[in-house]
Amino acid sequence: MSDEKTAVSPEVLETLKTIIAPGRRVRISPFVEAAQFQVLFGTRPDFHFRRKSARRILSEKAEKIESIAAKWATFTADSKRFGSEVYTESFLQSYLAYYFTVNVGKIQLALLEMAPYGVFSQEMVLVDVGVGCGTTFVAALDFLSGWSQACRFHNTRLPVKALRLLGMDANPACLDMGKRVVAVYGDILAKAPSHMLSKDAGPDELKNIAGWALKSEWQMVNLNHQAPEIPADRTVLFGSNLFNELQATGKQNLACCLKVLGPESAALVIEPGDEKKTQKRKSFLEGIFMQRKQNTLKKFCQHFFVFDQRSKMAAV
């Protein structure tokens, strides 16, 4: 029996888990942190003196931080009602400060659980419906960066060779912010100093990952008004915090997006909420799954994933 490992071998995925969440605590990479700083403050920590320079920037930008905090305090005082009308440029900066790094970690843990299912193919598309601050794409790109290092450590290669990023949102401010954050992350990764990169990281793979970020595509789409055209093959569709903003028509349009996904595709739905709400949304997805099963002989999307606030994932 061959001892040759693949990207989804248990040993490789265990190494990746250690990179993402050493000691079972999510670790945010310096590249993600740097992207957040750059967009919020127009500067980022010196990678050679990361902690010291980060504290200096925070001290120098105290007034900006107070403004961000005040905006968030006003929002939380209004019962934290998320909706398309609240996503202004100033609100998105608060969102980037408060939620960005937290949600990057959540998404990466979800991707880690998806990895063994074989949904990461050589050529694939990531579609994010509701882009926010570009969190999903940054989390995915950073995940692939860590996976590349884990693969190299075990003398194998990252399975993804070509990646298209397609972000969709109804709000132009979200599209602009998402595009900026993802582009900044790509630029930081492309220019990362050699001491920041593991000797096991493939330079060509990291260059590719940075290039995918810089070539990301962004479209104005309102699910409440239309069902966008989604690539059917080798696609992973992300939907984060969507249900609270979707009307009945929007939910049906989301269902249309999910129904077109082929056998080598997957969907990841991340929603906050209590157990009752999570079960209701899971039932919605199961209903789509069963409808496809009963009405067609064609193979379709292998897995739907529901990820609730208690960090539990279920494959439907």
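The values are calculated or read from the model by the stated rules, or taken from the named source; none is laboratory data. Just so we're clear, the structure is a prediction, and the values are computed from it rather than from any experiment. All Cβ positions, even for glycine, are placed from backbone atoms using ideal geometry, and neighbour counts span all protein chains on display.
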Within the stretch 112-135, restricting to residues that are among the small types (G, A, S), part of a loop (DSSP other than H, G, I, E, B) and within 15 Å of the chain's Cα centre (by Cα), the one that is surrounded by the most Cβ atoms within 10 Å (Cβ to Cβ) is G134
Got at least one residue in the stretch 32-50 being among the charged types (D, E, K, R), exposed (fewer than 14 other Cβ atoms within 10 Å of the Cβ) and within 27 Å of A210 (Cβ to Cβ)?
-> no
Given (1) touching a residue at least 40 places away in the same chain (Cβ under 8 Å); (2) of a type outside the set (S, T, N, Q); (3) in contact with a helix residue (DSSP H, G or I) (Cβ under 6 Å, 6 or more places away or on another chain); (4) on the phi < 0 side of the Ramachandran plot, number of the condition G134 does not satisfy = (4)
Search result, residues across the stretch 207-235 that are surrounded by fewer than 20 Cβ atoms within 10 Å (Cβ to Cβ) and assigned to a helix (DSSP H, G or I) | K207, N208, G211, L214
T249 is checked against (1) at pLDDT 90 or above; (2) surrounded by fewer than 16 Cβ atoms within 10 Å (Cβ to Cβ); (3) closer than 20 Å to Q122 by Cβ and fails just one. What number does that condition carry?
-> (3)
Enumerate the pairs (first residue in the stretch 103-117 and under 14 Å from S240 (Cβ atoms) and modelled with pLDDT of 90 or more; second residue anywhere and assigned to a helix (DSSP H, G or I) and of a type in the set (D, E, K, R)) with beta-carbon separation below 8 Å, excluding pairs fewer than 6 apart on the same chain, so at least 6 apart or on different chains.
-> V104/D142; Q108/D142
Looking only at the stretch 145-152, decide whether some residue is aliphatic (A, V, I, L, M) and at pLDDT 95 or above.
-> no
Checking Y95, Y99 in turn, the sole residue that is closer than 24 Å to D169 by Cα, of a type in the set (S, T, Y) and surrounded by 17 or more Cβ atoms within 10 Å (Cβ to Cβ) turns out to be Y95
Looking only at the stretch 88-105, count how many residues are closer than 23 Å to E33 by Cβ and either outside any helix (DSSP H, G or I) or small (G, A, S) (or both).
-> 5
Keeping to the stretch 242-283, report how many residues are in contact (Cβ under 8 Å) with a residue 60 or more places away in the chain and closer than 18 Å to L166 by Cα.
-> 8
Within the stretch 55-86, considering residues that are of a type in the set (G, A, S), modelled with pLDDT under 95 and in a helix (DSSP H, G or I), the one surrounded by the fewest Cβ atoms within 10 Å (Cβ to Cβ) = A77
Within the stretch 16-37, work out how many residues are closer than 15 Å to W147 by Cβ, assigned to a loop (DSSP other than H, G, I, E, B) and hydrophobic (A, V, I, L, M, F, W, C).
-> 1
From (1) at pLDDT 90 or above; (2) under 21 Å from K179 (Cβ atoms), pick out the condition that doesn't hold for S240.
-> (1)
Note on the stretch 230-252: residues of a type outside the set (A, V, I, L, M) and under 19 Å from T136 (Cβ atoms) are P231, R234, T235, F238, G239, S240, N241, F243, N244, E245, G250
Subset of the stretch 138-187 [in a helix (DSSP H, G or I), closer than 28 Å to N244 by Cα and in contact with an Asp or Glu (Cβ under 6 Å, 6 or more places away or on another chain)] = A173, L175
For K106, work out the one condition from (1) exposed (fewer than 14 other Cβ atoms within 10 Å of the Cβ); (2) touching a strand residue (DSSP E or B) at 6+ places or on another chain (Cβ under 7 Å); (3) basic (K, R) it doesn't fulfil.
-> (1)
